[in-house]
Amino acid sequence: MTTDGTVSRRRSGAPTIRQVAALAGVSRATASRVINGGHLVSESARRAVEAAIKELNFTPNPVARSLATRRTGSVALVVPEPNRRLLTDPFFAGIVDGLSMALEEEDLQMVLLVARDGPSARRAARYVTTGHVDGAVVASHHRDDGLNRILVDAEVPTVFIGRPLDVAGARYVDTDNPGGARLATGHLIGRGHRRIGTIAGPTDMTAGIDRLTGWREAMAAAGLPDDAVEHGDFTARSGAEAMGRLLDRVPDLDAVFVANDLMASGALLQLAARGLRVPGDVAVFGFDDIGVAESTSPPLSTVAQPLTAMARRAGHLLAALLRGEDVPAEPVVFEPRITLRESA
């Protein structure tokens, strides 16, 4: 403070909140409330503090701000899958892309937690529920993921990508998976195929369950048998293995709906290894359209789900929850569409 009562501009280091308060003519507590978004501040005091911040070029200390608001400015993307899935499945690239865009717009930082097995899931639960992040987005969840229930029970702001199993009242963003499967299967039926099988996803994931349901509904509506079912785990290898089992069991198979594009890519390799032409002998239809479909031989017809848009919406929903907004509990469900290429 100078002799005429003003704050000296000749100081060393970054400006402090004490200097902001002095320049604005308010208490340090009032300056702190303005900086940290508090509401119990008069409009004149708020304007004075904001003017002082601008004049001093003050930047809040993130650690101090976190302590004052009990907010970290970061959220967790929780992926209950092994590391190798995260690195090889383009599904997760779409999730990271969309979520990171939303969080950048919301001025939030993303922390990635890969938590499939017991120890890693317990570590992730401790990390998320003890204040290291403000909330979580959970993708690729399974029925036995206890972390889902822990997050909801602990009242951690959480949004799921995909409908979670056995977690009542959870907020989530999803694609109409049964509807997408009906579209794909209906296309195959409309092309004259009658012995249509499916390579379904895991029975502990809603995407696997719901896409199988849609296939069954389309087959039943057409009066066609729905016994040609094999399951995979959404990897290319499992798709090749399931395709082999289908061909052995249903030799007159003339088309197959596959619950994701990675498994469909494996199915195409299996068909080629057996000398079967696609689509001449067996037509193939996938689900996702997130990169793999264009690089297969032949290029893959598939159900397109707007994965990046889904992840982006999940990020904005979580940010709204963190701001204390009244976010409806109803799920956000995107409409699928089919993309036709040479395989079907």
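Just so you know, all these numbers are worked out from the coordinates, no wet-lab data involved. Keep in mind it's a predicted model, so treat the numbers as computed, not measured. Using ideal geometry, Cβ is built from the backbone for each residue, glycine included, and neighbour counts are taken over all protein chains shown.
Miscellaneous remarks
- Distance between the pseudo-spin-label points of VAL333 and THR88 (7 Å out from Cα toward the beta carbon): 3.3 nm.
- Dipole in debye (nearest 20) - the chain, about Cα centre, beta carbon charges: Lys, Arg +1; Asp, Glu -1: 1400
- Once both labels are positioned 7 Å from their Cα atoms along Cα-to-Cβ, the gap between ARG194 and ASP97 label points is 4.2 nm.
- In the chain, the ratio of gyration radius to Kirkwood radius, Rg to Rh, stands at 1.16 when only Cα atoms are counted.
- Dipole-positive endmost among GLY25, ALA207, LEU247 within the chain (Cβ charges, Cα centre): GLY25
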